[in-house]
Structure formats: C-alpha cells, structure tokens
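Written out below as structure tokens is the structure these notes cover.
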Amino acid sequence: MQPIISVSHLSKTYATGFKALKDINLDIRKGEIFALLGPNGAGKTTLISIICGIVNPSEGSVVADGHDIIKDYRAARSRIGLVPQELTTDAFETVWATVSFSRGLFGKPKNPVHIEKVLRELSLWDKKDSKIITLSGGMKRRVMIAKALSHEPQILFLDEPTAGVDVELRRDMWEVVRSLRDTGVTIILTTHYIEEAEQMADRIGVINQGEIILVEEKAELMRKLGKKQLTLQLQGVLETIPGALEKHGLELSQDGDELTYTYDTQQERTGITTLLRDLNEAGIRFRDLQTKQNSLEEIFVSLVREQRS
Amino acid sequence: MNFYAIRAIYLFEMARTWRTLLQSIVSPVISTSLYFVVFGSAIGSHMKEIGGVSYGSFIVPGLIMLSLLTQSISNASFGIYFPKFVGTIYELLSAPVSSLEIVVSYVGAAATKSIILGLIILATAALFVPLHIEHPLWMMLFLVLTAVTFSLFGFLIGIWADGFEKLQLVPLLIVTPLTFLGGSFYSIDMLPPFWQKVTLFNPVLYLVSGFRWSFYGVADVNIGISLAMTLAFLAACLVAVWWIFKTGWRIKV
Ligand SMILES: Nc1ncnc2c1ncn2[C@@H]1O[C@H](COP(=O)(O)OP(=O)(O)O)[C@@H](O)[C@H]1O
Ligand SMILES: [Mg+2]
C-alpha cells in the first residue's frame, strides 16, 4: 500500500547553521499510530513542523496523501491536523469560536454538529462558551486538540501530547486517539516517554541528533532488541552465589531469596536450560519464576549509546 | 481561493475589534474631540478662514486622515504581530491558505475597522463644526484607498517587527510627524516658500490635500497629483508585500 506520508532525503539547517535534520527517509502507513521517539533536541518538532508547513525544509521532499507539501500545499495541509508541543492558544475567544475558526481556516464550511462531537469527546462541551484564558492548562490542551480535529483531518500530528498533562487527560487523549485510529485516521506522535510509545504505537521510529536510527514494528523492536530477565524466587536463602553458577552472571537480591538471570532473546540460545540444570545440580530449589521484557527505555538508552560509540 | 479561511480570519479580526471597542473606537473619538476643543475652538477662534473655510471645518479632513493613518497601521501591524508573539501563528502557517489570502483577510479587516472609525470621527466632527462634503464619492474613495494602503503598510511593519518597540517605532517616529507636518492643521500656503518646497516631499500632504478637496473643493496640490501619489504609495506597499512573500515569509524559519 502507498504510504500516507513519505519523507525523502529531508534535511534542515537552521539559520544558525545548526543541522537539525540529516537526510531523513521515512514512510508512514495509512491508518497506523506511529511514535517518533527521541530525546530532547533530537529534531522531532523540526520534522513535524516541516511536514505541517511551519518550517521550510533545506533539502528533500515530503508527500502527504499523494500531495507534495510545497507544490501542492493546499491539498496536503487540508488533510493534516497538528497539535503543537507548546501550549499556545488565543486568550479572549470562546472555546466554540476558536475551534470553529480553525475549521474555517482549513477551508471547511461550518458544521456545528461536528464541532459539538469533537468538544463532547474531549469533555469540553460544558466549556464551549468559556473564554480560553479562564481554562486550566489541561483544558487548554484539549482545546488545541479540538482545533486540530475541527476540520476532520486524515492525518493527525501530536507533538509531545502528554508532556505536563494530568492522568485523566492522558487517559481521555488515548481514548480519542484510539477512536480516531478506528475511523482510519493516521496518527503520528512524538514523545520522549518510552511508555507512551510502548502503550500506543503500532510502529516506532527512533530519532537522535537529527537522524532516524531505526524504524520498527513495536513488537518486533521489543523482540529484536529486548533483553529479558528471568527472576527465580528461591525456597531457601543464599548467602552467595555458588561457584558452579558463576558463568551465568546471576544477580542475587539483597535478602538472598531471589536470583535474576538476564538473557538476550536475539541469541540462538538463551541459556535457560543450562541454567536450570545447573541450579538443580547445585541443589537450589525455587518456589516461583517470572520473565520480564526490557522496557523501551532500556532499549533506547542502549541504542543511543550504540550510536554514540 | 480558500474563501472559508478569508472569512474566518476576517471575522476573527473584526471580533477582536468589537471586543476591544473601548480602545478601538472610543479612544480615537475622545482624542478627536479634544483636538476640536483645542485647535477648533480655542485656537481656531483666532484663526482666519482658509480658502473660505472656517478653521474648525478646515482641520476635519486632516484629523480624519491622522486617525486613519495611525489606526490602519496599528490595527494591521498588531493583527499579524500578535499571533507571531504568542505563537498562535503556527495555525496560520499550517493552514491551506495562500499569502494572498492572508494579506486580503488581515488587511481587509484592519481597513474595515479604520474606515468605520473614520466615519465615526466624521460624525463626531459634525457635532462641533458645520460640515459639507462636496464630492462624497471622492471622499469615500480617498478614505478607502488610504485605509487599505496604510493597513498594508501596517501589515508589513507587523511582519518586520520582532518586538513591541519596533511595532511602535514606525508609527511614532515617522507617521505621526509626517501627518502633523503634512498640512493636517494648516494650509501649506501659510508656510515660508522654502518649507513649502520641503513639504512637497511629504507623501501625507497629498493624502490630506486630496481628502480635503473632496470636502471643500480647495486643495494645496492638484487633485490628480493627490490621487496619483496615493495610488503610488499603494503600489509601493503591494510591491513590498509581494517581495516579502517572494523572498520568503519572514516569520517562517
Ligand atoms: N529556529 C531554530 N533555530 C536554530 N536552531 C533551532 C531552531 N529550532 C530548533 N533548533 C534546534 O534544533 C534542534 C532540534 O530541535 P527540535 O526539533 O525542537 O527537537 P525535539 O522536538 O526533538 O526536542 C535543537 O537542538 C534545537 O535547539
Ligand atoms: Mg519538540
């Protein structure tokens, strides 16, 4: 299937001479939730801003739903909704007025039914006549999401959507994102919170210092790069790890009743069978065991470290 | 053309006007009234008629021009500068609107506001002095042309400005002096010959003179020259806007 967004050889050098993006190539599939993951300053906002028309690219091109974002900017932009990172709203307009304004700006005729639906979904309906300046930060962010959804975009960008957002809003937001995805909207979000990408995304792209390090199905990424940990709860208590088990690199918990074994799922042999045999031979019995997948956080840290070295 | 966008921006800007009614309409009306009290009544009573027009009536077109110029510039410059300042410009930049549509809607709204204001001042003036308008259509033409031209000029300032100081600078240092020295409150016949020549370099003179002609049929300079100068300034602003958009939108990095 043709990608809904296709970024090719995109570079950005700011007026300061700083190279914020270096030859980015990226395809976004129609209907997916794509998480762009990277530390602060990686270039996430720059990339999104170029696609949305806020920042001029230095080199390369972007095609959105078959339309070049520069030559055919009207068609491209009318399909895109953006919730920017910074909380910037009007102040003295009402919620209803500002959201309706956005719809008009994006070239759509008035549609109070749609605006009402969006406001209700974002729990903004009873605030529709309030001036924005009277709203809390969380409510203002909802307003920004409502503005981005006002013109029924096919592609939605969320730049750090949950930075500084309370739990309730985060939950509401994910619900909205999922229901949007169910209606076929493609969602691209940036985050430096791993859990967010882990919970929400279908695919994850990792960006660092202006370069895409990798793009992977989330599950595949977890599988490929995830180290797993096997934790054994012992029946007795160990003072030290017996010499015969040294080669497994086990870790003994402080109170001596848990052993942790780390293994790599990428390896052909995980070493679990040998470990269990050796434990048995050493006469160590256990009550229970769990395995735990590494979080993306750990994956990410090791990826970035790899890139640096 | 994205007409929905033009309408949205235009109505948004006009809503700002109604919201700030006091500041946008009432304060110019009050300051104009003060001009009438000071120049029209206090000083004007000691002035002789100019070209058969009482001094109080004589200054009306100049006063309207003064407000029209300063208000057009400040409305239009603020209208585009403010979104840049608070960051809401992101939405405008990411919207499917062309530069032309942006200019038309912002400048249109600013000009509308100044025209309304000009007419309000005219009505206020009618309370103080006898007024008659010899060429009402020309009067409206000059009003609209001036409002549009200086709203364009204000728009340019709003794009150029990267701080509130710059936003104030041009109106304060250039436009207000030019207006005062452009024959708003006197006929250039009253100046010594040398200064008459200098004044001819002041573009505002032509606006005020043409506008006054539409009221009383008397002018410092030929009406044709006035119209030509007004159109020339409009053309200059259009070229500047075109150049800005051609060489790159200053607010986009
Ligand atoms: N207008 C600008 N001029 C110069 N450098 C900029 C500008 N905007 C961003 N940068 C720099 O580009 C890099 C990437 O920024 P950004 O895209 O905002 O990163 P992220 O969103 O991943 O945190 C940062 O080092 C930032 O300082
Ligand atoms: Mg960012």
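If you go through the range A:220-265 and keep only what is more than 35 Å from the chain's Cα centre (by Cα) and part of a strand (DSSP E or B), you end up with just A:Leu234. So is B:Phe245 over 22 Å from the mean Cα position of the chain (by Cα) and surrounded by 15 or more Cβ atoms within 10 Å (Cβ to Cβ) or not? Yes. Of the residues in the range B:51-63, none is closer than 26 Å to A:Leu82 by Cβ and surrounded by 16 or more Cβ atoms within 10 Å (Cβ to Cβ). Per the conditions (1) surrounded by 13 or more Cβ atoms within 10 Å (Cβ to Cβ); (2) more than 24 Å from B:Leu122 (Cβ to Cβ), the sole criterion not satisfied by B:Asp220 is (2). Of all the criteria given as (1) in a helix (DSSP H, G or I); (2) more than 17 Å from the chain's Cα centre (by Cα), the one not satisfied by B:Val29 is (2). When the residues of the range A:182-219 are filtered to those that are in contact with a helix residue (DSSP H, G or I) (Cβ under 9 Å, 6 or more places away or on another chain) and in a helix (DSSP H, G or I), the one that is nearest to A:Asn40 (Cα to Cα) is A:Ile194. Residue count for the range A:6-55 satisfying the condition of being within 12 Å of ligand 2 (Cβ to nearest atom) and of a type in the set (Lys, Arg): 1. Mind checking which residues of the range A:185-210 are more than 16 Å from ligand 2 (Cβ to nearest atom) and either closer than 24 Å to A:Phe18 by Cβ or among the hydroxyl-bearing types (Ser, Thr, Tyr) (or both)? Matches in the range A:185-210: A:Thr186 only.
Screening A:Leu87 against (1) at pLDDT 95 or above; (2) under 21 Å from the mean Cα position of the chain (by Cα); (3) over 27 Å from B:Phe245 (Cβ atoms) leaves a single unmet condition, (1). Taking the listed residues A:Lys140, A:Lys147, A:Lys117, the one that is more than 14 Å from A:Val177 (Cβ to Cβ), out of contact with any Leu (no Cβ under 8 Å at 6 or more places or on another chain) and within 13 Å of chain B (Cβ to nearest Cβ) is A:Lys147, with no other qualifying.
Name the residues in the range B:22-50 that are within 14 Å of another protein chain (Cβ to nearest Cβ) and either among the charged types (D, E, K, R) or open to solvent by less than 80 Å² (accessible area, probe 1.4 Å) (or both), would you? If the condition is that a residue be within 14 Å of another protein chain (Cβ to nearest Cβ) and either among the charged types (D, E, K, R) or open to solvent by less than 80 Å² (accessible area, probe 1.4 Å) (or both), then B:Ser24 is the only one that fits.
On inspection, A:Arg29 qualifies as under 17 Å from the mean Cα position of the chain (by Cα), surrounded by fewer than 20 Cβ atoms within 10 Å (Cβ to Cβ) and either of a type in the set (D, E, K, R) or within 16 Å of ligand 1 (Cβ to nearest atom) (or both).
Collect the residues in the range A:155-166 that are more than 16 Å from ligand 1 (Cβ to nearest atom) and surrounded by 19 or more Cβ atoms within 10 Å (Cβ to Cβ), keeping them in residue-number order.
At the first step, the residues of the range A:155-166 found to be more than 16 Å from ligand 1 (Cβ to nearest atom) are A:155-156, A:165-166.
Within the range A:155-166, A:Ile155, A:Leu156 meet the criteria.
Listed here are the residues, each with its yes/no results for (1) of a type in the set (Lys, Arg); (2) more than 30 Å from A:Ser11 (Cα to Cα); (3) modelled with pLDDT of 90 or more.
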site	(1), (2), (3)
A:Met200	no, no, no
A:Arg203	yes, no, yes
A:Ile213	no, no, no
A:Ala219	no, no, no
A:Arg223	yes, yes, no
A:Gly226	no, yes, no
A:Gln229	no, yes, no
A:Leu238	no, yes, no
A:Pro242	no, yes, no
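Against the test of being in contact with a Leu (Cβ under 6 Å, 6 or more places away or on another chain), β-branched (Val, Ile, Thr) and surrounded by 14 or more Cβ atoms within 10 Å (Cβ to Cβ), the options A:Ile272, A:Ile284, A:Ile241 yield a single qualifying residue, A:Ile241.
Once the range B:96-118 is narrowed to residues that are small (Gly, Ala, Ser) and touching a Phe, Trp or Tyr at 6+ places or on another chain (Cβ under 8 Å), the residue that is farthest from B:Phe150 (Cα to Cα) is B:Ser99.
Take A:Ala20 and tell me if it is surrounded by 20 or more Cβ atoms within 10 Å (Cβ to Cβ), touching a residue at least 60 places away in the same chain (Cβ under 8 Å) and more than 11 Å from every other protein chain (Cβ to nearest Cβ).
Details: surrounded by 20 or more Cβ atoms within 10 Å (Cβ to Cβ): yes; touching a residue at least 60 places away in the same chain (Cβ under 8 Å): yes; more than 11 Å from every other protein chain (Cβ to nearest Cβ): no.
Taking the combined requirement at face value, the residue does not satisfy it.
Take A:Ile69 and decide whether it is over 14 Å from A:Thr186 (Cα atoms) and within 16 Å of ligand 2 (Cβ to nearest atom). Considered against the rule, which asks whether it is over 14 Å from A:Thr186 (Cα atoms) and within 16 Å of ligand 2 (Cβ to nearest atom), A:Ile69 comes out as no.
Of the residues that make up the range A:136-145, is at least one more than 27 Å from A:Asn40 (Cβ to Cβ) and not β-branched (Val, Ile, Thr)? No, the range A:136-145 contains no residue that is more than 27 Å from A:Asn40 (Cβ to Cβ) and not β-branched (Val, Ile, Thr).
Confirm whether A:Leu156 is on the phi < 0 side of the Ramachandran plot, away from ligand 2 (no atom under 16 Å from the Cβ) and within 13 Å of another protein chain (Cβ to nearest Cβ). Break it down into steps so the answer makes sense when it comes.
Details: on the phi < 0 side of the Ramachandran plot: yes; away from ligand 2 (no atom under 16 Å from the Cβ): yes; within 13 Å of another protein chain (Cβ to nearest Cβ): yes.
So A:Leu156 passes the test.
Return the residue satisfying two criteria in turn: it lies in the range B:89-144 and is farther than 30 Å from B:Val218 by Cβ and within 18 Å of the chain's Cα centre (by Cα), and of such residues it is surrounded by the most Cβ atoms within 10 Å (Cβ to Cβ). Of everything passing the filter in the range B:89-144, B:Ala110 is surrounded by the most Cβ atoms within 10 Å (Cβ to Cβ).
The values are calculated or read from the model by the stated rules, or taken from the named source; none is laboratory data. Since the structure is predicted, the reported quantities are computational estimates derived from the model, not experimental observations. Neighbour counts are summed over all protein chains in view; Cβ atoms, including those assigned to glycine, are modelled from backbone coordinates with ideal geometry. Keep in mind that these areas ignore ligands, DNA and RNA; they rest on the heavy atoms of the full protein, side chains included. Shrake-Rupley method; radii C 1.70, N 1.55, O 1.52, S 1.80 Å.
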